[in-house]
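For reference, the structure is listed below as C-alpha cells.
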Amino acid sequence: MKVDSVVFDLDGVLANNSGRQEYLTGEVQDWKEFYLRVGEDEVYQPMLNLLDMMFFDMDYEVVILTSRPTTNRSRTLAWLSEHEINFDELIMRPKDNFDPEWKVKEIKKLKNDRMIHYIFEDSPYEIALFRALNWPIIPVLGTDYGREVIRIG
C-alpha cells in the first residue's frame, strides 16, 4: 500500500526568501551568497500551519523537495529545526545537477511508493510542468518572479 504524502517546496513556499532575492537580480547572480543566507529567512506561517495540519491531523508524510543544492544541507536542517518544521524526508538537488526537470524526476521516484495528494510549489516553470503531467499542484505565490503577485504571510 502506498503512503499518503504531500510535497512542499522550501524557498518561496515555506521559507520567505524575499530578503535574499537581491542576490539574484541584476546582471550577475550571486548564488553562493543567496544560499549562504538561508538562515535569515522567515517562515511563511500560513504555510507552516497547513503543513502541520497535514502532518499531525491528516497523518500525511511530508516531503520537502527543494532545489537548494546539497552543499546547503546543514544550513537547511538548522533552519527547519529553528522553525520547528515537521517533515519525514528532505530531498535536495545534487550539487552539480542543473537539470530543469530535476523535480519532476524526483517526484516520479516518490510516486513509486507514495500516493502524492498535493504538491506545493511557487516556481511558474515547475507549476506548468506538474500541471502538464496532471499532478495535484497547489501554486503558491511566495516569490516574485518578475511579476506582480499577492504575497502570502
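The values are calculated or read from the model by the stated rules, or taken from the named source; none is laboratory data. In this text, all values refer to a predicted model and were calculated from it rather than measured experimentally. Cβ: placed from backbone, ideal geometry, glycine included. Neighbour counts: every protein chain shown.
At-a-glance table
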item: Every residue from the range 1-31 that is at pLDDT below 95, among the polar types (S, T, N, Q) and either within 18 Å of the chain's Cα centre (by Cα) or within 26 Å of residue 135 (Cα to Cα) (or both); result: 16, 17, 18, 21
item: Top-ranked residue in the range 11-44 [being hydrophobic (A, V, I, L, M, F, W, C) and outside any loop (DSSP other than H, G, I, E, B); ranked as surrounded by the fewest Cβ atoms within 10 Å (Cβ to Cβ)]; result: 31
item: Unmet requirement for residue 6, which otherwise passes all of (1) aliphatic (A, V, I, L, M); (2) in a strand (DSSP E or B); (3) without any contact (Cβ under 8 Å) to a residue 60 or more places away in the chain; result: (3)
item: Cβ pairs under 6 Å, 6+ apart, first in the range 15-34 and of a type in the set (Ser, Thr, Tyr), second surrounded by fewer than 16 Cβ atoms within 10 Å (Cβ to Cβ); result: 23/30; 23/33
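Residues are listed down the side, and each one gets a yes or a no for (1) under 15 Å from the mean Cα position of the chain (by Cα); (2) at pLDDT below 95:
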position: 81; (1), (2): no, no
position: 88; (1), (2): yes, no
position: 91; (1), (2): yes, no
position: 96; (1), (2): no, yes
position: 102; (1), (2): yes, no
